[in-house]
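Colleague: One structure, as structure tokens, below. Some questions next.
The values are calculated or read from the model by the stated rules, or taken from the named source; none is laboratory data. Keep in mind the model is a prediction, meaning the values are calculated, not measured. With ideal geometry, Cβ positions are generated from the backbone for all residues, glycine too; neighbour counts draw on all protein chains shown.
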């Protein structure tokens, strides 16, 4: 989803004022952990508490809101940049500056069930995705096959 700078500023101010914000998910890059239509709650970003595997919400230079998994910090021109990647993406995103980061995922609401990021299943999934990078290829292939089968059967994506 693409947003204007004014809308991104409004989201940043909202999360700073209230400490959290709920947003619906629209993509498949974090499938199956986050699925299309899930309501994701983000808390204000705190650089001192971020850890490998956290899902961070950021805005890209083009105005897209993206929630991807944090992998590491990379120094570019003596400035810290965050390296993030979607669970089904084969490559990491362009490095993100701290000022682009809006929040950190804390819960996912899926079919009236709340998944907390500190639940053992969420922690296990995060560790699996980070420890076994080939999982991204498996998930990407699964989504591709699923989309092909839906297209062939006439079911809309």
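Colleague: Being assigned to a strand (DSSP E or B), touching a residue at least 40 places away in the same chain (Cβ under 8 Å) and over 28 Å from residue 135 (Cα atoms) is the filter here, so list the residues in the range 44-84 that pass it. Break it down into steps so the answer makes sense when it comes.
Modeller: So the first thing to find is which residues in the range 44-84 are assigned to a strand (DSSP E or B), and the list is 44, 55-59, 64-76, 79-84.
Narrowing the set further to residues that are touching a residue at least 40 places away in the same chain (Cβ under 8 Å) leaves 44, 55-59, 64-65, 67, 69, 71.
44, the sole residue that qualifies.
Yes or no, residue by residue, for (1) at pLDDT below 95; (2) closer than 24 Å to residue 139 by Cα; (3) in a loop (DSSP other than H, G, I, E, B):
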| site | (1), (2), (3) |
| --- | --- |
| 16 | yes, no, no |
| 27 | yes, yes, yes |
| 37 | yes, yes, yes |
| 42 | no, no, no |
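Colleague: Let me ask something additional. Could you identify the single residue in 104, 97, 114 that is under 29 Å from residue 8 (Cα atoms), loosely packed, with under 13 Cβ neighbours inside 10 Å and at pLDDT 95 or above? Working first, answer last.
Modeller: Working: 104 fails: loosely packed, with under 13 Cβ neighbours inside 10 Å; 97 fails: loosely packed, with under 13 Cβ neighbours inside 10 Å.
Just one listed residue meets the conditions, 114.
Colleague: Can you find even one residue in the range 141-149 that is surrounded by 14 or more Cβ atoms within 10 Å (Cβ to Cβ), out of contact with any strand residue (DSSP E or B) (no Cβ under 7 Å at 6 or more places or on another chain) and either closer than 25 Å to residue 7 by Cα or in contact (Cβ under 8 Å) with a residue 40 or more places away in the chain (or both)? Walk me through how you get there before you give the answer.
Modeller: Of the residues in the range 141-149, the ones surrounded by 14 or more Cβ atoms within 10 Å (Cβ to Cβ) are 143.
Within this subset, residues satisfying the condition of being out of contact with any strand residue (DSSP E or B) (no Cβ under 7 Å at 6 or more places or on another chain) are 143.
Now narrow it down to the ones that are either closer than 25 Å to residue 7 by Cα or in contact (Cβ under 8 Å) with a residue 40 or more places away in the chain (or both): 143.
The answer is yes; a qualifying residue exists.
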